[in-house]
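A.B. asks: Below you'll find the structure I mean.
The values are calculated or read from the model by the stated rules, or taken from the named source; none is laboratory data. All of these numbers come straight from a predicted model, not from anything done at the bench. Backbone-built Cβ (ideal geometry, glycine too); neighbour counts: all protein chains shown. When the accessible area is computed, the model is the full protein with side chains, heavy atoms only, and any ligands, DNA or RNA have been set aside. Shrake-Rupley method; radii C 1.70, N 1.55, O 1.52, S 1.80 Å.
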Amino acid sequence: MAHSADERLARGFPPTRHSALAAIRCGGEDDRRRALAAVAEAYWRPVYGYLRLHWRKPHEEAADLAQEFFAHLLEKDLLSRFDPARARLRTFLRSCIDRLAAGEGRSARRLKRGGAAGAVSFDFEGPRAEIEKAAGAAEAPDVLFEREWARGLFAAALERFRDACAREGKSQHFALLEEHDLRAEAVPPSYAELARRFGIATTDVTNRLAWARRRLREVLLDLLRECTASESELREEARALLGLDGP
């Protein structure tokens, strides 16, 4: 995850919010499944990574357990036990993962990928290589999960943003952001170099990057908003992820 890119995202919080947690806990069956998909979008990578790195599960078992975990959240109504006054959502989820991975409360039948949580599609092969590179790191469970949560949330936001750019005919905006802000190189290409590379004016690079950073920030905060139970928790999570403060 490119922290330098995170720091360049614009500040501020949109005024309205919609929490998937409320829908999972109080909505009808269809609403609950759609809301679970939103939570899973933000958390499936850290869940998978945590199972691989902390619980030392092989790829196939970790993938099956991660899929089972989200079905378990819905079928057992686990989020009804979540109290935002006592813990952050990711802390609560980590404790649920630990119980599932340790065999407590496991379903008698293993849920395969595409089963009860089939409303969500997980590409476990995507983060597999990156997770395996980190397999030798010795980290406390909470530190490891925090890191994977941040990486996973940012990756999910990028996927949403890429899809939105494609729908809106702004794929070049995303490509410019990718080239300037998201590459691993310490020194990004200059705006003039990007202008030459993309065949546009330097002012177009400036304007399109500003738009892309603003929209990516909004997408990222939308993800956080869906997976938090209150404005105060939203602000805490945004601060933990990006160092954002309220307006």
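A.B. asks: From the list 213, 183, 208, 217, which residue is in a helix (DSSP H, G or I) and open to solvent by 40 Å² or more (accessible area, probe 1.4 Å)?
C.D. replies: Values: 213 fails: open to solvent by 40 Å² or more (accessible area, probe 1.4 Å); 183 fails: in a helix (DSSP H, G or I); 217 fails: open to solvent by 40 Å² or more (accessible area, probe 1.4 Å).
Of the residues listed, the single one that is in a helix (DSSP H, G or I) and open to solvent by 40 Å² or more (accessible area, probe 1.4 Å) is 208.
A.B. asks: I need every pair where a residue in region 53-77 that is aliphatic (A, V, I, L, M) has its Cβ under 6 Å from the Cβ of a residue that is surrounded by fewer than 19 Cβ atoms within 10 Å (Cβ to Cβ), sequence separation at least 6 or different chains.
C.D. replies: Within 6 Å, the pairs are 71/116.
A.B. asks: Mind checking which residues of region 184-240 are aliphatic (A, V, I, L, M) and within 30 Å of residue 31 (Cβ to Cβ)?
C.D. replies: Taking region 184-240 and keeping what is aliphatic (A, V, I, L, M), we get 184, 186-187, 192, 194-195, 200-201, 205, 209-210, 212, 216, 219-221, 223-224, 229, 234, 238, 240.
Answer for region 184-240, where residues must be aliphatic (A, V, I, L, M) and within 30 Å of residue 31 (Cβ to Cβ): 216, 219, 220, 221, 223, 224, 229, 234, 238, 240.
A.B. asks: What are the pairs, 6+ residues apart or on separate chains, where a residue within region 179-199 that is under 18 Å from residue 213 (Cβ atoms) has its Cβ under 7 Å from a residue that is hydrophobic (A, V, I, L, M, F, W, C) and open to solvent by 60 Å² or more (accessible area, probe 1.4 Å)?
C.D. replies: So the pair list comes out empty.
A.B. asks: Taking region 41-87 only, how many residues are at pLDDT 85 or above, among the acidic types (Asp, Glu) and either surrounded by 18 or more Cβ atoms within 10 Å (Cβ to Cβ) or more than 29 Å from residue 132 (Cα to Cα) (or both)?
C.D. replies: 2
A.B. asks: Scan region 188-201 and tell me whether some residue there is closer than 17 Å to residue 41 by Cα, open to solvent by less than 10 Å² (accessible area, probe 1.4 Å) and at pLDDT 95 or above. Spell out how you get there, then give the answer.
C.D. replies: As a first pass, look at region 188-201 and keep what is closer than 17 Å to residue 41 by Cα: none.
Looking for residues that are closer than 17 Å to residue 41 by Cα, open to solvent by less than 10 Å² (accessible area, probe 1.4 Å) and at pLDDT 95 or above, one finds none in region 188-201, hence no.
A.B. asks: Also: Contact list please: Cβ distance under 6 Å, first residue in region 148-173 and at positive phi, second residue surrounded by fewer than 20 Cβ atoms within 10 Å (Cβ to Cβ) and outside any helix (DSSP H, G or I), pairs at least six apart or on different chains.
C.D. replies: That search, which allows pairs on different chains as well, returns nothing.
A.B. asks: Still on this structure: Can you pull out every residue in region 51-86 that is small (Gly, Ala, Ser) and more than 23 Å from residue 21 (Cα to Cα)? Don't jump to the end; show me each part of the working.
C.D. replies: If we filter region 51-86 for residues that are small (Gly, Ala, Ser), which is where we start, we get 62-63, 66, 71, 80, 85.
Matches in region 51-86: 62, 63.
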